[in-house]
Amino acid sequence: MIFPTVQFALFFAVVLPLSWALMPRRLLWRPFILAASYYFYAAADWRYAFLLAGSTIVNQTAATVIAHHGKDKLCKAVLIAAISLDLGALGVFKYLDFFSDSVSSSLGLSLGLLHLVLPVGVSFYTFQAISYVVDVHRRRTPLAKPLDYAIYASFFPHLVAGPIVRASEFVPQLAGPRDPDRVPAARAFGLIAGGLVKKMVVADVIGTRLVAPVFGTPQAHNGTETLLAVYGYAVQIYCDFSAYTDMAVGLALLLGFRFPDNFDRPYTARSLQDFWRRWHMTLSRWLRDYLYIPLGGNRGGLKTYRNLMLTMLLGGLWHGAAWTFVVWGGIHGAGLAVERAWPAVAEKLPATKIPSAVKTAAARLLTFHVVCLAWVFFRAPDLGTAFAVLGRLSAAGPATGVVTPTVLLLIAAALAVQWIPASVGVLLRTAFVTLPVYAQGISLGVLLLALAAVSGGRGVAPFIYFRF
Amino acid sequence: MSQEQEQEPVTTARQTGRVIRIALLTALLLNSAGVVRAGLGMAPGPTRDLLLDLARPLNSTAHLLDLDRPRTSLDAMLGHPDRTTGDGTRTRLEQDAAKQQPAAAPAPRLAPVAAAVRHPTPGDPLRILVTGDSLSDFDGRQLARLVAAQHLPAKVRVEARNGTGLTQPNVFDWSDEALAEAADYAPDVVVMVLGANDGWPLAGAAAGSPRWVAEYSRRVAAVTRDFLAGDPRRRVYWVGPPVPRSAPWIHIFDRIDAAVREAVPSVPGLRFVDVAGPTSEAGHYTDYLTDADGRRVLARQHDGIHFSWPGSAFPARIILAALGREYTLG
């Protein structure tokens, strides 16, 4: 089940009032929300629910042993075993067939494939599980009650594509009933409506009309079309992914729960480091806390560069077993390393009188284009296509008509919106809640109608991050 | 709590519920036909039954009260075909296409006998439209690559309609779509790749049964006539689905192949492209195929139905070879 469907609207229309009705009765609410979350997850494939339940049991058991055994050897062994099981399951589903295929290709064999379909959301809940067990081990989060942990692991708004919420952020919210008199409904509606618009109007239109044709047949397109397709993909992936997590955050708010933000106007970043503080923020901090810092972080001279590179390469591989993702991670890792080394280099350069505003604008422009360069590899089905796209950036030739005023307007608008201060959103939401209830409802209903019309009855294209 | 969160306006859960109920009711009333179509497209089960039980009477009422007018106006403004007759009346595809002349059709539904094809030149390339369900997406893009790489006098346009088929015209009517695509793109050739979603019964006949094959074949012919739209120089190359990995699709895809073959003699201008044979191992499913350079390529996706990206180069080459038998491309 995915959010922008009639099935989900029906599901949520039932779950929301029941959740608030049962909220004061915690003994009823907990099993109810757990059952609702498993129903949501099993709607895609009931077998997935067993994997989620298995992951929950394994990690809660490990966390219990760790919490009760201090920091002895057993504790460490259990931690390693739990992480190995988590990563092992992820590896089987995500990488085993790729490995078999690679061996087959290089040795000219036809090894059998398992044909395992990647369970939706497995990467996200595995990362959450690892963070929980590690945090219990580090004594940064207390052991959760089994039912609370099960709810945290399966809570349907974040289950499929994040954000990656930590136990320390979510489990305390389960301690008591949420306040039914303080629901930030306007923010929730804004996030859900904005997410629907970003996905159905911006991402799907740019993706089908411009990005797919150019990345499908780069040879057929001239430099202008190719460049705009690269910019278009930057907009498409942002609007696609942030749409889903915005809706997740909004739905959680309606149920009375707060999730951390996952995006903060990423294309206004002044550096790659800044970009990673704004893009998929919950994954960035996960990589930082559970990979980069355990590797040694930035405390080791040259090792800092190695750690940056390793973290980003593994971050790339997390998206899938393909060389394109390795290059994507490599570009970001190399970029972050260069940024780290730059101040020492800049000190030795002669002083310039370039105004700081110009420097900032140049830094933003450069960052955006490095990110776009990396997106080319992320989007391309193989390295050959990625290099073909880059090779066409300077190509002459007639236009094929994929760049239309609509597409141009959507790209420009999506980039321009990033510069609107967050306070404007608060003002709009405050104005919205001053409307009478029926006006709020009708305006949201009309928006849903408009979005259905824009999609032309063809539904919503699959979310890009579902396959990760 | 952040400063921004402190400034956020808050309301009660009760009021929030009221706003959501009004929003959903508004959307349901103004888009009741769309909701019925969404329900018809769902897998059989209690959710589908509940949705249809709720949406069908609302759809009738909304139609009587003219509440579907905003949606039809929006569709017209956005250039989408009118699909508001999604329930209660038979779709064009369900009608006997050979006998009935649709009032709204922009061109005669039946093509006369096929005339000689137009031979393309670099200045006036062959306009190839690749369309169909999700199977058409990679096939079409790989065909476009081949055409570009070989500098052939052709332009390929890919218009994949994921999740569609011939067995649920109430959800997506390929007859309407074919007319719209023929009018929008004026192709010389339509390459139709379809079948991945056609495991549903047809007119009461179980999927794959003889009656089902006969009805499927009739629908193939009807949609082809709509694509031809009276242009005797246009051709429709209907690509059969590949051999899938598991039941029940093995039987269904085999029957789809049979249905398309059966339709070919009835419509001048319809050609069948057999992908199943050349991309299987003696008629059996295989993950790997050997390319022209002798390399083994993982040709299929996890689902055992779709081709992988490199694997879709195989059907693309088969399609191009089929086109090359009728058109002078080299």
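Quick notes on this one:
Matching residues to (1) assigned by TED's automatic domain parsing to the domain that holds B:Phe138; (2) under 16 Å from B:Pro268 (Cβ atoms); (3) surrounded by fewer than 22 Cβ atoms within 10 Å (Cβ to Cβ); (4) without any contact (Cβ under 8 Å) to a residue 12 or more places away in the chain:
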position	(1), (2), (3), (4)
B:Asn197	yes, no, yes, no
B:Arg219	yes, no, no, no
B:Trp238	yes, yes, no, no
B:Val243	yes, no, no, no
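- Residue check: A:Ala321 meets all listed conditions (1) modelled with pLDDT of 85 or more; (2) within 14 Å of chain B (Cβ to nearest Cβ) but one, namely (1).
- Comparison of A:Leu444, A:Leu451 shows that the only residue that is within 30 Å of B:Leu74 (Cα to Cα), modelled with pLDDT of 85 or more and not in a loop (DSSP other than H, G, I, E, B) is A:Leu444.
- Search result, residues across region B:48-70 that are more than 10 Å from every other protein chain (Cβ to nearest Cβ), assigned to a helix (DSSP H, G or I) and either within 30 Å of A:Ala185 (Cα to Cα) or of a type in the set (Asp, Glu) (or both): B:Asp49, B:Leu52, B:Asp53, B:Leu58, B:Asn59, B:Ala62
- In the set (1) within 26 Å of B:Leu40 (Cα to Cα); (2) modelled with pLDDT of 90 or more; (3) under 16 Å from the mean Cα position of the chain (by Cα), B:Tyr237 fails one condition alone, (1).
- If you go through region A:241-275 and keep only what is buried (at least 23 other Cβ atoms within 10 Å of the Cβ), aromatic (Phe, Trp, Tyr) and in contact with a Leu (Cβ under 9 Å, 6 or more places away or on another chain), you end up with just A:Phe259.
- Comparison of A:Thr385, A:Thr406 shows that the only residue that is over 26 Å from the mean Cα position of the chain (by Cα) and in a helix (DSSP H, G or I) is A:Thr406.
- Test for B:Asn162: is it of a type in the set (S, T, N, Q), within 19 Å of B:Trp238 (Cβ to Cβ) and either assigned by TED's automatic domain parsing to the domain that holds B:Ala247 or without any contact (Cβ under 8 Å) to a residue 24 or more places away in the chain (or both): yes
- Scan of region B:34-47 for residues that are assigned to a helix (DSSP H, G or I) and within 9 Å of another protein chain (Cβ to nearest Cβ), ordered by number: B:Gly34, B:Val35, B:Arg37, B:Ala38, B:Gly39, B:Thr47
- Among residues that are touching a helix residue (DSSP H, G or I) at 6+ places or on another chain (Cβ under 7 Å) and facing chain B (nearest Cβ under 8 Å), A:Val403 is not included.
- Qualifying residue in region A:140-152 (condition: in a helix (DSSP H, G or I), at pLDDT 90 or above and within 14 Å of another protein chain (Cβ to nearest Cβ)): no
- Filtered residues of region A:419-437 (kept if in a helix (DSSP H, G or I) and under 21 Å from A:Asp264 (Cα atoms)): A:Ala422, A:Ser423, A:Val424, A:Gly425, A:Val426, A:Leu427, A:Leu428, A:Arg429, A:Thr430
- Checking each residue in region A:427-448 for being at the interface with chain B (Cβ under 7 Å from one of its Cβ atoms), surrounded by fewer than 19 Cβ atoms within 10 Å (Cβ to Cβ) and among the hydrophobic types (A, V, I, L, M, F, W, C) picks out A:Val437, A:Val446.
- Single residue of A:Ala193, A:Ala212, A:Ala229, A:Ala188 found to be in contact with a strand residue (DSSP E or B) (Cβ under 8 Å, 6 or more places away or on another chain) and either under 29 Å from A:Phe259 (Cα atoms) or assigned to a helix (DSSP H, G or I) (or both): A:Ala212
- B:Ala263 within 14 Å of chain A (Cβ to nearest Cβ), outside any strand (DSSP E or B) and modelled with pLDDT of 90 or more: no
- Of all residues in region A:300-312, none are touching a residue at least 60 places away in the same chain (Cβ under 8 Å) and not assigned by TED's automatic domain parsing to the domain that holds A:Leu87.
- A:Thr56 β-branched (Val, Ile, Thr), surrounded by fewer than 17 Cβ atoms within 10 Å (Cβ to Cβ) and assigned by TED's automatic domain parsing to the domain that holds A:Ser131: no
Residues are listed down the side, and each one gets a yes or a no for (1) without any contact (Cβ under 8 Å) to a residue 40 or more places away in the chain; (2) farther than 25 Å from B:Ala313 by Cβ; (3) surrounded by fewer than 24 Cβ atoms within 10 Å (Cβ to Cβ); (4) among the β-branched types (Val, Ile, Thr):
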site: A:Leu191; (1), (2), (3), (4): no, yes, no, no
site: A:Lys199; (1), (2), (3), (4): no, yes, no, no
site: A:Ile206; (1), (2), (3), (4): no, yes, no, yes
site: A:Ala212; (1), (2), (3), (4): yes, no, yes, no
site: A:Pro218; (1), (2), (3), (4): no, no, no, no
site: A:Leu227; (1), (2), (3), (4): no, yes, yes, no
site: A:Tyr233; (1), (2), (3), (4): no, no, no, no
site: A:Cys239; (1), (2), (3), (4): no, yes, no, no
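- Among (1) modelled with pLDDT of 90 or more; (2) more than 29 Å from A:Val205 (Cα to Cα) - the single one B:Val193 does not satisfy: (2)
- Whichever residue in region A:63-104 is within 24 Å of the chain's Cα centre (by Cα) and free of Cβ contacts under 8 Å to residues at least 12 places away in the same chain and, among such residues, is surrounded by the most Cβ atoms within 10 Å (Cβ to Cβ): A:Gly91
- Contacts under 8 angstrom Cβ, first residue in region A:429-442 being closer than 19 Å to A:Gly194 by Cβ, partner part of a loop (DSSP other than H, G, I, E, B) and of a type in the set (D, E, K, R), 6 or more apart: A:Arg429/B:Glu8
- Residue list for region B:128-176, restricted to those being buried (at least 24 other Cβ atoms within 10 Å of the Cβ), in a strand (DSSP E or B) and within 9 Å of another protein chain (Cβ to nearest Cβ): B:Val156, B:Val158
- A single entry from A:Arg299, A:Arg278 fulfils the requirement of being part of a loop (DSSP other than H, G, I, E, B) and under 21 Å from A:Thr360 (Cα atoms): A:Arg278.
- Residue within region B:278-290 that is outside any loop (DSSP other than H, G, I, E, B), more than 24 Å from A:Thr385 (Cα to Cα) and within 14 Å of chain A (Cβ to nearest Cβ) present: yes
The values are calculated or read from the model by the stated rules, or taken from the named source; none is laboratory data. If you're wondering where the values come from, they're calculated on a predicted model, not measured in any experiment. Here the Cβ is made from the backbone with ideal geometry for all residues, glycine too, and neighbour counts use every protein chain on show.
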